[in-house]
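Student: Sharing a structure here in structure tokens format.
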Amino acid sequence: MNSFEPFQNSDTPRPRIEVEKMHAYKAPLEGRRNLLRLDFNENTIGPSPRVLQALRSIPSHQISIYPEYKGLQATLIGNLKNKYPLLELGLNQIGIFNGVDAAIHAIFHAYGDREEILLTTTPTFGYYEPCANMQGMCIHRLPYEGTEFKFPFEKIKSSLLEIKPKILIICNPNNPTGTRLAAEKIQELAIQSPKTLVVIDELYEAFTGDSMLKKVDFKKTKNLLVLQSLSKTAGLAGLRIGFAIGNQEIVERISKVTGPYDVNSFAVIAALTALGDQQYVDSYVEEVLLARNWIANQLKISQRRHHLAGGNYFLIWPHNEPYIVESSLRKKGILVRNMQGKDLINGSLRVSIGTTRQMQHFWEIFSQIDII
Ligand SMILES: Cc1ncc(COP(=O)(O)O)c(C=O)c1O
């Protein structure tokens, strides 16, 4: 549905006023199956063969009974402990959600009250705002700084004191600017404002190794919550599985506002298997980083404005109208994301980084299309 009749003209039950006023998060996600998908920063080669095998051999009872989650929580803790030996976590510090999107929704549902403030940056991931709007929150956005899109650290720090937001969300590295903020700096913000829930969306941290989990002690920094997902690295975007990791009190509150079995057994089995095949994820990340180096060199010698920082994506400002370049690429079987209307980056296209071969193919076609 694209437009609403104002409520007074409707004979259907009245929704909450916040729902009437908000704009839904819409993403062009249809008809993408047989194309080179460089538009949503997904894994471009698919999940580990072991995941496919596990899904194919799912026993019937896994389908007929409700899902169980403790094994997955324990496996995730084991994986995180391998990466971050100092990290102390219990099962009740891991929330399991239908993708990080559902975790974000739950955070706002549990913590965001009418007229309270969401403090965030701009441009950033587009789903935070509709969630804040849904609750009737006010949104305070601080722009990234300069042509390098630096994190507005001092401004965030003083805004925390001045406007006392209920929630601060930092996407780290930021989608779409790739901006990174060091764990120490995030810790500083969280310690300064213990009444603000500081949410760190780490969807892309695997590509830069920036996780907060290296440093954080959730017993001391209780107001910090870290989000991670298996969508972008392990190739499970279609199954929807995401994690919220933090202090037990916070994780309990956000888990409370979801259904008891929202995450289905297919996703649980796929996630368990993907976590058991960390080598597959590591080698995919390595491949993306090689491809990143390759495309970085091409971008340097091309005459186009571009921006490549954290994450598995970059921004490029084509010579020609972005929407023409975008649709010409689509005709040639390549999808990219047009950043039209986004603060500071209007005129650019966001391109996901896949394998080196995929980037070579993208660059060959892009160079043929975007001529002066
Ligand atoms: C920054 C960021 N957060 C969250 C999400 C949603 O992740 P998931 O697939 O785990 O719901 C995305 C997906 O594009 C994202 O870019």
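Student: Which of the residues belonging to segment 64-110 are of a type in the set (A, V, I, L, M) and outside any helix (DSSP H, G or I)? Spell out the reasoning first.
Tutor: Step one: filter segment 64-110 for residues of a type in the set (A, V, I, L, M), giving 65, 72, 74, 76-77, 80, 86-87, 89, 91, 94, 96, 100, 102-104, 106-107, 110.
The answer is Ile65, Leu86, Leu87, Leu89, Ile94, Ile96.
Student: Evaluate the following for Leu89: is it at pLDDT 95 or above, outside the structural domain of Arg330 (by TED's automatic domain parsing) and in contact with a Lys or Arg (Cβ under 8 Å, 6 or more places away or on another chain)? Quick ask: steps written out before the conclusion?
Tutor: On the way: at pLDDT 95 or above: yes; outside the structural domain of Arg330 (by TED's automatic domain parsing): yes; in contact with a Lys or Arg (Cβ under 8 Å, 6 or more places away or on another chain): yes.
Yes, satisfied.
Student: Working only within segment 337-365, note down all residues that are at negative phi and either outside the structural domain of Asp39 (by TED's automatic domain parsing) or surrounded by fewer than 16 Cβ atoms within 10 Å (Cβ to Cβ) (or both).
Tutor: Quick first cut of segment 337-365, residues at negative phi only: 337-340, 342-343, 345-346, 348-365.
Hits for segment 337-365 are Gln340, Asp343, Asn346, Arg357, Gln360, Glu364.
Student: May I ask you to say which residue of Ala270, Ala244 is assigned to a helix (DSSP H, G or I), within 14 Å of the ligand (Cβ to nearest atom) and touching a helix residue (DSSP H, G or I) at 6+ places or on another chain (Cβ under 8 Å)?
Tutor: Details: Ala244 fails: assigned to a helix (DSSP H, G or I).
Exactly one of Ala270, Ala244 is assigned to a helix (DSSP H, G or I), within 14 Å of the ligand (Cβ to nearest atom) and touching a helix residue (DSSP H, G or I) at 6+ places or on another chain (Cβ under 8 Å), namely Ala270.
Student: With the structure loaded, tell me whether Glu115 is in contact with a strand residue (DSSP E or B) (Cβ under 7 Å, 6 or more places away or on another chain), surrounded by fewer than 12 Cβ atoms within 10 Å (Cβ to Cβ) and not hydroxyl-bearing (Ser, Thr, Tyr) or whether it fails that test.
Tutor: Values: in contact with a strand residue (DSSP E or B) (Cβ under 7 Å, 6 or more places away or on another chain): yes; surrounded by fewer than 12 Cβ atoms within 10 Å (Cβ to Cβ): yes; not hydroxyl-bearing (Ser, Thr, Tyr): yes.
So Glu115 passes the test.
Student: Is it the case that some residue within segment 208-225 is in a loop (DSSP other than H, G, I, E, B), more than 12 Å from the chain's Cα centre (by Cα) and near the ligand (Cβ under 9 Å from one of its atoms)? Break it down into steps so the answer makes sense when it comes.
Tutor: So the first thing to find is which residues in segment 208-225 are in a loop (DSSP other than H, G, I, E, B), and the list is 208-211, 215-223.
With the extra rule that they be more than 12 Å from the chain's Cα centre (by Cα), the set shrinks to 208-211, 215-223.
If we keep only those that are near the ligand (Cβ under 9 Å from one of its atoms) as well, we get none.
No.
Student: Check segment 250-260 and report whether any residue there is assigned by TED's automatic domain parsing to the domain that holds Phe97, within 18 Å of Thr75 (Cα to Cα) and either within 14 Å of the ligand (Cβ to nearest atom) or in contact with a helix residue (DSSP H, G or I) (Cβ under 6 Å, 6 or more places away or on another chain) (or both). Reasoning before the result, please.
Tutor: Quick first cut of segment 250-260, residues assigned by TED's automatic domain parsing to the domain that holds Phe97 only: 250-260.
In the following step, the residues that additionally are within 18 Å of Thr75 (Cα to Cα) were identified as 251.
With the extra rule that they be either within 14 Å of the ligand (Cβ to nearest atom) or in contact with a helix residue (DSSP H, G or I) (Cβ under 6 Å, 6 or more places away or on another chain) (or both), the set shrinks to 251.
Taking every residue of segment 250-260 in turn, at least one turns out to be assigned by TED's automatic domain parsing to the domain that holds Phe97, within 18 Å of Thr75 (Cα to Cα) and either within 14 Å of the ligand (Cβ to nearest atom) or in contact with a helix residue (DSSP H, G or I) (Cβ under 6 Å, 6 or more places away or on another chain) (or both).
Student: What are the residue pairs meeting all of these: first residue in segment 76-93, first residue without any contact (Cβ under 8 Å) to a residue 60 or more places away in the chain, second residue not in a loop (DSSP other than H, G, I, E, B), Cβ atoms under 6 Å, and 6 or more apart or on different chains?
Tutor: Qualifying pairs under 6 Å: Leu91/Gln73.
Student: If I go through segment 3-51 residue by residue, how many of them are over 30 Å from Asp277 (Cα atoms), at pLDDT 85 or above and not hydrophobic (A, V, I, L, M, F, W, C)?
Tutor: 11
Student: Could you run through segment 78-103 and say how many residues are within 16 Å of the ligand (Cβ to nearest atom) and at negative phi?
Tutor: Qualifying residue count for the region: 9.
A quick yes/no check of all residues on (1) of a type in the set (A, V, I, L, M); (2) within 26 Å of Glu287 (Cα to Cα):
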site: Leu308; (1), (2): yes, yes
site: Gly311; (1), (2): no, yes
site: His319; (1), (2): no, no
site: Tyr323; (1), (2): no, no
site: Glu326; (1), (2): no, yes
site: Lys331; (1), (2): no, no
site: Asn338; (1), (2): no, yes
site: Gly341; (1), (2): no, no
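The values are calculated or read from the model by the stated rules, or taken from the named source; none is laboratory data. What you are looking at is a predicted structure, and each value in this text was computed from that prediction instead of being measured. Neighbour counts run over all protein chains shown; Cβ positions are idealised from the backbone, glycine included.
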